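Below you'll find the structure, written out as structure tokens, and then a few comments.
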Amino acid sequence: MAAALTALSDELAPQTVLAEIQRVWPSVVGPAIAAQALPTAERAGVVTISCAASVWAQELDLMAPQIITRLNAVVDGGQIARLRCVATGRG
């Protein structure tokens, strides 16, 4: 049953770079960061990360090179060149 649901979920998911980034985000950054920050937009290789607080945005700015490397290793739909981390108060 789990395999069937996974296949259905993959089939119904949008086929965009942003959707793929959102799917892999928790496994790339870990559950603690994923609970505080979420990819919300992608355009021309720049991914906007909405963060719960400015301290998270600053931390992710510092971690951006490592996160970009990990994302590019698992995202098929495009290459991420930059993260734009913004504090939106989400969370």
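If you go through the range 57-73 and keep only what is open to solvent by less than 80 Å² (accessible area, probe 1.4 Å), in contact with a helix residue (DSSP H, G or I) (Cβ under 9 Å, 6 or more places away or on another chain) and over 10 Å from residue 28 (Cα atoms), you end up with 60, 63. Summed over the range 20-33, residues that are of a type in the set (A, V, I, L, M, F, W, C) and free of Cβ contacts under 8 Å to residues at least 12 places away in the same chain total 1.
Of all the residues in the range 1-17, those that are open to solvent by less than 40 Å² (accessible area, probe 1.4 Å) and at pLDDT 65 or above number 1.
The values are calculated or read from the model by the stated rules, or taken from the named source; none is laboratory data. Since we're looking at a predicted model, the values are computed, not measured. Cβ coordinates were reconstructed from backbone atoms using ideal geometry, including for glycine residues, and neighbour counts include every protein chain displayed. In case anyone asks, the SASA skips ligands and DNA or RNA and just uses the protein heavy atoms, side chains included. Shrake-Rupley method; radii C 1.70, N 1.55, O 1.52, S 1.80 Å.
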